[in-house]
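Below: one structure, written as structure tokens.
Read-outs: derived from the displayed coordinates by stated rules, not from any lab. Predicted, not measured: the structure shown is a model, and the values here were computed from it. Glycine also receives a Cβ, built like all others from the backbone with ideal geometry; neighbour counts cover every protein chain displayed.
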């Protein structure tokens with residue numbers, strides 16, 4: 001028994017020493033939890049300002065880097081970026097671009113935090129909050145043209161209807177309209193309806209897309225919950241423009257009327273050229289005509305489907321012209337003809353001609369292609385010679401006065417012949433002129449006397465009643481004989 005006690009006493013002493021050693025270890029380990037306070041504290045709290053900070057206040061000094069890593073703020077817009085900074089034992093988060101009104105944010109704390117005094121604690125905590133307000137977001141409840149709709153190209157109005165009063169600048173900045181340069185904004189219904197007009201017609205047979213980003217906000221600062229987009233087509237008009245008729249027209253009583261003739265050979269003096277289309281045409285149709293050879297004039301609308309080219313002067317007789325209408329000519333929807341239209345025509349305007357010339361009522365010619373000198377008898381005493389000219393067309397009074405001054409009779413050979421003078425002029429009728437010169441001299445067998453009579457042609461020559469002129473000069477040589 002004594003020997004048993006001797007063995008048991010050392011064991012008990014060791015056990016007592018061991019227990020005493022464990023109690024000293026407990027005296028050096030701090031098992032107190034780390035205290036902290038979150039702001040905002042309650043779910044669905046509302047921060048008063050767009051830059052109001054979110055904070056975590058600890059009751060002891062923390063290891064900053066580890067503590068910052070457990071803090072994350074997110075929303076349906078994604079993870080928020082911002083500045084994390086310390087003031088004492090309080091960690092603040094300030095959003096980089098500010099909070100957005102009406103958005104539900106979530107503050108998530110997840111991970112292990114460590115204090116400077118060696119304590120550590122696992123934390124899993126979250127709280128939701130708003131900024132400024134927690135109002136419902138605005139919605140785009142209607143828009144036009146509808147998605148995939150077919151429209152024309154003129155007077156297309158984009159229209160957007162919202163569920164709430166909108167901030168104009170944010171909507172206009174968030175909205176993009178493909179292919180539209182200048183936009184005219186019109187707000188109505190307390191800024192719930194936006195209409196957008198364009199300064200130009202849209203292009204035909206084209207897709208137009210629009211996009212409204214979720215940065216558009218209502219007047220209380222709440223953004224759209226998503227991005228909206230749509231498209232439409234300007235293909236409602238499937239008929240290409242084409243030329244239906246080209247015809248001469250006559251101006252009378254303030255209006256242009258078809259003459260009933262065809263354009264190829266029926267265009268007459270003082271008439272215009274009309275072009276009809278199958279559709280109402282755009283203004284560029286007025287600039288679509290050109291002529292080869294060139295003709296001067298101006299173009300006007302006869303109706304929404306027809307134009308008239310008004311000539312500054314009559315085309316040249318016996319000349320073939322080509323009227324070309326550009327393939328770029330557009331109708332009111334912007335559709336093009338596609339290829340140049342061409343048609344040849346010549347005017348039904350004759351040259352003025354001389355049907356006959358009679359000298360002294362006894363020598364007449366009706367073929368003016370005479371190459372030899374024409375013998376004429378000159379009165380010995382006065383040297384008079386009468387010339388009667390019959391034209392193919394009548395003359396106006398004004399032109400009757402000018403014509404005799406343009407016809408000349410001059411000595412040709414020999415040079416010693418004295419000049420002659422126009423003594424008498426009389427229009428026997430509107431198309432027949434009688435003129436008499438004096439001072440001519442008869443020649444003889446040794447020295448013949450020749451005179452030249454010139455009737456000028458061309459535009460600056462003799463002109464008849466309707467502005468018609470001779471194609472070229474008429475020159476005849478006369479031999480004065482006894």
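Relative to the compact-globule scaling 2.2 N^0.38 Å, provide the ratio for the alpha-carbon radius of gyration of segment 354-481.
Values: Rg = 14.5 Å, N = 128, 2.2 N^0.38 = 13.9 Å.
Relative to the 2.2 N^0.38 Å estimate, segment 354-481 comes out at 1.04.
Give me the Kirkwood hydrodynamic radius of segment 47-150 in Å, from all C-alpha pairs, to one decimal place? The partial results should precede the final answer.
Details: mean 1/r = 0.0630 Å⁻¹.
In segment 47-150 this quantity evaluates to 15.9 Å.
Computing semi-axes √(5λ) of the Cα gyration tensor in Å for the structure here picks out one of (i) 41, 33, 22; (ii) 45, 29, 23; (iii) 115, 24, 18, namely (iii).
How much length is gained on full extension from residue 68 to residue 94, taking 0.36 nm per residue of separation minus their Cα-Cα distance?
Working it through step by step, the gained length comes to 8.1 nm.
Kindly express, to the nearest 10 degrees and within the range 0 to 90, the angle between helix 2-26's C-alpha long axis and the longest C-alpha principal axis of the chain. Orientation of helix 2-26: about 30 degrees from the principal axis. For segment 241-338, the spread of Cα positions along the three principal axes, ordered from largest to smallest, is 38, 31, 20 Å.
When the chain is fully extended, how far beyond the present Cα-Cα distance does residue 355 get from residue 37, taking 0.36 nm per residue of separation? Present the calculation step by step, with values, prior to reporting the outcome.
Values: separation 318, 0.36 × 318 = 114.48 nm, distance 12.22 nm.
Once the chain is fully extended between residue 355 and residue 37, it gains 102.3 nm.
Put the Cα centre of segment 269-299 next to the Cα centre of segment 112-181 and the gap is 54 Å. Angle, helix 397-406 long axis vs. longest principal axis of the chain, Cα atoms, 0 to 90°, nearest 10? Rounded to the nearest ten degrees, it is 70.
Mean separation of Cα pairs under 8 Å and 6+ residues apart, divided by the residue count of the chain: what relative contact order is that in percent? Don't skip to the end; give the middle numbers.
Numbers: 1064 pairs, mean separation 40.3, N = 482.
Worked out over the chain, it gives 8 percent.
Neighbour counting of Cβ atoms within 10 Å sorts the residues 450, 257, 341, 105, fewest neighbours leading, into 257, 450, 341, 105.
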